[in-house]
């Protein structure tokens with residue numbers, strides 16, 4: 001029909017084709033509406049799932065940061081105790097990555113280093 005010379009015939013055939021399941025006994029409009037509603041509901045479920053995954057990743061990252069920071073504090077404490085046992089005066093400076101943007105580190109200065 002795309003090559004028919006009669007424009008009115010082509011238009012009639014086109015309109016009949018695009019409305020073939022949206023009128024009369026074979027009207028699919030209610031089914032199309034249900035599919036649209038189910039698709040919208042599914043997209044909300046997927047969005048909520050994605051949000052929960054992102055929130056869980058944030059919690060896990062915070063947990064790992066806290067574990068890392070705690071390990072640095074424990075390591076610094078062990079070094080501090082070791083130096084104290086040797087009779088050295090110790091000054092401890094802790095650098096937090098959340099405040100400086102740098103990796104957590106601890107610096108110890110003894111009275112011999114200063």
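Estimated at 0.36 nm per residue, the fully extended path between residue 39 and residue 10 surpasses their Cα-Cα distance by 7.0 nm.
Distance between the 7 Å Cα→Cβ label points at residue 46 and residue 32: 2.1 nm. Applying 0.36 nm per residue to the separation of residue 3 and residue 17 and subtracting their alpha-carbon distance, the gain on full extension is 3.4 nm.
No lab work stands behind these numbers, since they all come straight from the coordinates. From a predicted model like this one, the values you see are computed outputs, not experimental measurements. Positions of Cβ are backbone-derived with ideal geometry, glycine not excepted, and every protein chain shown enters the neighbour counts.
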